[in-house]
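The values are calculated or read from the model by the stated rules, or taken from the named source; none is laboratory data. Predicted, not measured: the structure shown is a model, and the values here were computed from it. Neighbour counts are summed over all protein chains in view; Cβ atoms, including those assigned to glycine, are modelled from backbone coordinates with ideal geometry. The protein model used for the area step is the full one, side chains on, heavy atoms only, and it has no ligands, DNA or RNA in it. Shrake-Rupley method; radii C 1.70, N 1.55, O 1.52, S 1.80 Å.
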Amino acid sequence: MVNDRGNQLNQKDSPLVRLRDLSKSFGRVEAVKSINLDIKSRDFLAILGPSGCGKTTLLRLIGGFAEPSNGTIEIGGNDVTRLGPERRPTNMVFQGYGLFPHMTVRENIAYGLKIQKVSQSEREQRVDDVIGLVRLEELADRGTGELSGGQQQRAALARAIVMRPQVLLLDEPLAALDLKLRQAMQEELRRIHNEIGGTFVFVTHDQGEALALSNRIAVMDEGNIVQEGGPEDIYASPESRFVSTFIGEANILSGRRQNSVVTLAAGLDLPSSSGPDGAVILVIRPEAVQILSDNSQVDVRTEGTIVDKVYLGAYVRFQIQLSSDEFITANVPTLNLSKEYFSGDRIAVGWAGKDHRILMDS
Amino acid sequence: MNRSSEWGWWGFGTLVVVFMTTPLILVVLFSFGESALTNFPMGGITGKWYDELFANREFWKAFRNSLTIAGVVVVVSTGIGTMAALTLARMRPTLSQPLLIALCLPVMMPPLVIAIALLVYYVRWVGVELSLFTVILGHLLVTQPFVILIVYARMATFNYELIDSARDLGANSWITFLTVTLPIIRSTVIGAALIALAVSLDEFLITFFTISGGNTLPTFVFGKIRTEMDPTINAIATILLVLTVSSTIIAMKVSRYRA
Ligand SMILES: Nc1ncnc2c1ncn2[C@@H]1O[C@H](COP(=O)(O)OP(=O)(O)O)[C@@H](O)[C@H]1O
Ligand SMILES: [Mg+2]
């Protein structure tokens, strides 16, 4: 995908896409608020956030379908802020696919190349190639109305990648598919990204999808990018309450920090915590919480009462009420359970100090 | 609904249909009848009224005028009306609704009022010679709203992602219109054009007031009624009927199937 225009990107590590102070308002609604974001060549970036947070608007700004209220967009070192979509090196797979109903699959895919006046022989070659890539050989000469959702999705994908865009934009590419198809298409997307080696930016509200597909995630909330990084970083080191609960599951315990000592409402002190004084939260993933036998040694330890227990095969899920009346969820691998526990049991719970994060409570 | 009231509705419906179609059937019937009195018994079947009509040079002039006017009106009102509808459909409703009402005002006004207003406007204010051109302008005034309303209604269910897709694939707005928007709404546009055709072909009042010399088919018929009420007017009416009904039927067929 980059081979055509790769020469524009000879400075190796400079980002392919650079968004600076990018914002977009619709009347009084600020859909995108002053976003700064770099996207590197060959990234598979997920823009992840709840519905209505401005993801589609951001993607449409990058694709040129909306004019920003403020800020600039650079792609491959060129300022494209004022260019329309037909003049940007991007292509988009729309949420509703946007396939032309009066054309066959093949005609849909060839449309952009025809407009670019690519010679017929090259056009046919490239169209055949992508049809093979997305495995639509059998359906290539059907009308788009005869395709299932997954097949339409692949046709739309083929129509975009045949243009060899520097950046491929995908708006909730899997949202309309049922679960099974969604998983199959996830694999398909990963395979295609590997095969053509392009730069993909996709929008999703599904954190599982973002973790499964991307090598970078930009988490959005109310028009802002609140955290950006690799999936492992974001999962292991969320920087806010929002990120910690939106990506994966998290227990949140409230407390205060004073002179580098955090005191939790649940009645324990955690020394040597650097940071400003004030209200804090402790974030701990359910899979990091252990149920302790009397002699076990952990960094953080407290007591609670089991209020609910669900057996889930590979692990057992406990709801535990702490002395602060806060609840904490523990997902304990079934194999690690030395004895049987019941609702109402008083137990000790704890975790390794490296597993929790302490954040200012905003 | 019970049996007897169902029969009642059927009966009522049949009566309405009979009442509305009888005059039409009679016109067609008498246009082929021997009797010169437009009366029963109509005698044998004959094509002589058509022969007589086709031998009349005034008829052919009127016919040509009607086709010229309708041709220009269809092309112009379809072109401009479609563009206007596409533009209106992309506007905010607070803007498009008042504009739509303003543009469609002419169909809500009595044709007589429009006819008089146009006549006064042409003669007193602009000072143009009355001609086929002034008739065409008058027809545009009443056909334009139909085209705008029909195409505008179609655009309510148009998938704008298709336009974005075309732009995304490199098409400018004109190519997008030609290769995506127009092919998709084609049947609606053809339907709107045929309705404009039907409206123009049998428009009488505005034509009558703004044509000065010459005739179109409707004013030709009117002239004939006043002088000699012979069955050739039945033949003209039948021709007009066939033209407008067939264009309306094609319009309905075409716009039903793809839209
Ligand atoms: N064309 C538009 N006109 C007015 N408001 C819009 C428009 N597009 C989006 N918005 C508003 O901007 C916000 C973000 O929308 P969107 O980018 O679609 O969110 P997401 O894709 O994350 O669900 C929403 O409040 C939405 O109502
Ligand atoms: Mg969206």
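Name the residue that is nearest to the other protein chains (Cβ to nearest Cβ), counting only residues in segment A:70-95 that are of a type in the set (Val, Ile, Thr) and within 18 Å of residue A:171 (Cα to Cα). Quick ask: steps written out before the conclusion?
Filtering segment A:70-95 for residues of a type in the set (Val, Ile, Thr) gives A:72-73, A:75, A:80-81, A:90, A:93.
If we keep only those that are within 18 Å of residue A:171 (Cα to Cα) as well, we get A:90, A:93.
Values: A:90: 8, A:93: 9 Å.
Among residues in segment A:70-95 that are of a type in the set (Val, Ile, Thr) and within 18 Å of residue A:171 (Cα to Cα), the one nearest to the other protein chains (Cβ to nearest Cβ) is A:90.
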Q. Residue A:63: open to solvent by less than 10 Å² (accessible area, probe 1.4 Å), more than 10 Å from chain B (Cβ to nearest Cβ) and touching a strand residue (DSSP E or B) at 6+ places or on another chain (Cβ under 7 Å), yes or no?
A. no
Q. Is it the case that some residue within segment A:123-141 is open to solvent by 50 Å² or more (accessible area, probe 1.4 Å), in contact with a Ser or Thr (Cβ under 6 Å, 6 or more places away or on another chain) and in a loop (DSSP other than H, G, I, E, B)?
A. yes
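Condition first: farther than 8 Å from residue B:231 by Cβ, at pLDDT below 85 and of a type outside the set (Asp, Glu). Now tell me which residues in segment B:30-47 satisfy that.
Within segment B:30-47, the first condition is being farther than 8 Å from residue B:231 by Cβ, and the residues that meet it are B:32, B:34, B:37, B:39-47.
So of that shortlist, the ones also at pLDDT below 85 come out as B:34, B:37, B:39-47.
Selection gives B:37, B:39, B:40, B:41, B:42, B:43, B:44, B:45, B:46, B:47.
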Q. Within segment A:320-341, how many residues turn out to be within 22 Å of residue A:235 (Cβ to Cβ) and either out of contact with any helix residue (DSSP H, G or I) (no Cβ under 7 Å at 6 or more places or on another chain) or open to solvent by 10 Å² or more (accessible area, probe 1.4 Å) (or both)?
A. 7
**Q.** Looking only at segment B:160-176, and only at residues there that are over 14 Å from residue A:116 (Cβ atoms) and open to solvent by less than 20 Å² (accessible area, probe 1.4 Å), the one that is farthest from the other protein chains (Cβ to nearest Cβ)
**A.** B:176
Q.
List pairs: first residue in segment B:48-67 and more than 15 Å from residue B:233 (Cβ to Cβ), second residue surrounded by fewer than 16 Cβ atoms within 10 Å (Cβ to Cβ) anywhere in the structure, Cβ distance under 8 angstrom, at least six positions apart or on different chains.
A. B:60/B:54
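For segment A:345-360, which positions are open to solvent by 60 Å² or more (accessible area, probe 1.4 Å) and either basic (Lys, Arg) or in contact with a helix residue (DSSP H, G or I) (Cβ under 9 Å, 6 or more places away or on another chain) (or both)?
Start the filter on segment A:345-360 by keeping residues that are open to solvent by 60 Å² or more (accessible area, probe 1.4 Å), which leaves A:346, A:354, A:357, A:360.
A:346, A:354, A:357, listed by residue number.
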(Q) It is to be established whether one or more residues within segment A:17-25 are within 14 Å of chain B (Cβ to nearest Cβ) and not charged (D, E, K, R). (A) no
Q) Is it the case that residue A:339 is of a type in the set (Lys, Arg) and either assigned to a strand (DSSP E or B) or more than 30 Å from the chain's Cα centre (by Cα) (or both)? A) yes
Q.
So, residue B:179, is that one in a helix (DSSP H, G or I), within 14 Å of chain A (Cβ to nearest Cβ) and open to solvent by 10 Å² or more (accessible area, probe 1.4 Å) or not?
A. yes
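Run down A:45, A:16 and say which single residue is away from ligand 1 (no atom under 12 Å from the Cβ), surrounded by 20 or more Cβ atoms within 10 Å (Cβ to Cβ) and within 30 Å of residue A:147 (Cα to Cα). Spell out the reasoning first.
Details: A:16 fails: within 30 Å of residue A:147 (Cα to Cα).
Every option except A:45 fails the conditions.
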Q) Can you spot a residue in segment A:208-228 that is assigned to a helix (DSSP H, G or I), more than 14 Å from every other protein chain (Cβ to nearest Cβ), closer than 14 Å to residue A:47 by Cβ and within 16 Å of ligand 2 (Cβ to nearest atom)? A) yes
Q.
I'd like to check which helices (runs of 4 or more DSSP H) are fully inside segment B:44-109 and have at least 3 residues that are more than 29 Å from residue B:27 (Cα to Cα).
A. B:57-89, B:93-108
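So that you can scan it fast, the table gives a plain yes or no per residue for (1) surrounded by fewer than 17 Cβ atoms within 10 Å (Cβ to Cβ); (2) in contact with a Ser or Thr (Cβ under 7 Å, 6 or more places away or on another chain); (3) part of a helix (DSSP H, G or I):
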{"position": "A:291", "(1), (2), (3)": "no, no, no"}
{"position": "A:294", "(1), (2), (3)": "yes, no, no"}
{"position": "A:297", "(1), (2), (3)": "yes, no, no"}
{"position": "A:307", "(1), (2), (3)": "yes, yes, no"}
{"position": "A:343", "(1), (2), (3)": "yes, no, no"}
Q.
For segment A:165-189: of the residues being buried (at least 20 other Cβ atoms within 10 Å of the Cβ) and over 19 Å from the mean Cα position of the chain (by Cα), which is nearest to ligand 1 (Cβ to nearest atom)?
A. A:165
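Is it the case that some residue within segment A:40-62 is more than 24 Å from residue A:234 (Cα to Cα) and outside any strand (DSSP E or B)? Explain how you work it out, then say what you get.
Kept after step one, since they are more than 24 Å from residue A:234 (Cα to Cα), are these residues of segment A:40-62: A:60-61.
Okay, now just the ones that are also outside any strand (DSSP E or B), so A:60-61.
Yes.
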Q: Output the number of the condition that residue B:128 fails; it satisfies all remaining conditions of (1) surrounded by fewer than 21 Cβ atoms within 10 Å (Cβ to Cβ); (2) part of a helix (DSSP H, G or I); (3) more than 14 Å from every other protein chain (Cβ to nearest Cβ).
A: (2)
Q) Counting just the residues of segment B:136-162 that are touching a Phe, Trp or Tyr at 6+ places or on another chain (Cβ under 9 Å) and of a type in the set (A, V, I, L, M), which one comes out nearest to residue B:209 (Cα to Cα)? A) B:137
